[in-house]
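In what follows, a structure is listed as structure tokens, so that the remarks can point back to it.
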Amino acid sequence: MRNALIVIILAATLLIAAPTTIRIGMLLGPTMANGGVLVLAPTGQVQVATLGAGVSLISDGKGGYVLQGTVPKLTVGVKPARQQDGTYLLPDAATPSMLIVFRNGVRQSAGDDYAYDPNTKLITPVISLGTGWDASDLILVDYMQP
């Protein structure tokens, strides 16, 4: 088991230096419970990558496959549509942890200044101490799509 893990780590180290083609039978080691593959991240950490979680196998046309990560779509400077009820509608769903909201150029704090619902794509201002968002406020958002 230890030798198999060393082989995987050494293989992962070599993957950083050049494009990687994986052929059937090249990887030996313990089977991950979730079907994942151990990879070495650019930060030097060994992580588990699973197909469908931003990682896909692409045929190289020579009988092998290349692991390819998908690049998330970053959207910057979007002006969401203000709704009648005072909420703001994003054109696309955003990853909640990657949503940055600006009100009149000042970054707002999730939970303190606004709430976001990824299902409805609505940003709801949190009104505290009578300081609600006004229709004349300039709201801009930066976000990463899931």
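The values are calculated or read from the model by the stated rules, or taken from the named source; none is laboratory data. All figures in this text were calculated on a predicted structure; none of them were measured in a lab. Note: ideal-geometry Cβ built from the backbone for every residue, glycine included; neighbour counts use all protein chains shown.
Quick notes
- The test for being in contact with a strand residue (DSSP E or B) (Cβ under 9 Å, 6 or more places away or on another chain) and modelled with pLDDT of 90 or more does not hold for Asp112.
- Odd one out for Val141, checked against (1) modelled with pLDDT of 90 or more; (2) part of a loop (DSSP other than H, G, I, E, B): (2)
- Residues in the range 73-90 that are under 16 Å from Pro146 (Cβ atoms) and at pLDDT below 95: Lys73, Leu74, Thr75.
- Cross-chain or 6+ apart pairs with Cβ under 7 Å, the range 110-129 first and in the same structural domain as Pro96 (by TED's automatic domain parsing) and among the β-branched types (Val, Ile, Thr), then surrounded by fewer than 15 Cβ atoms within 10 Å (Cβ to Cβ) and part of a strand (DSSP E or B): Thr124/Ala115; Val126/Ala115
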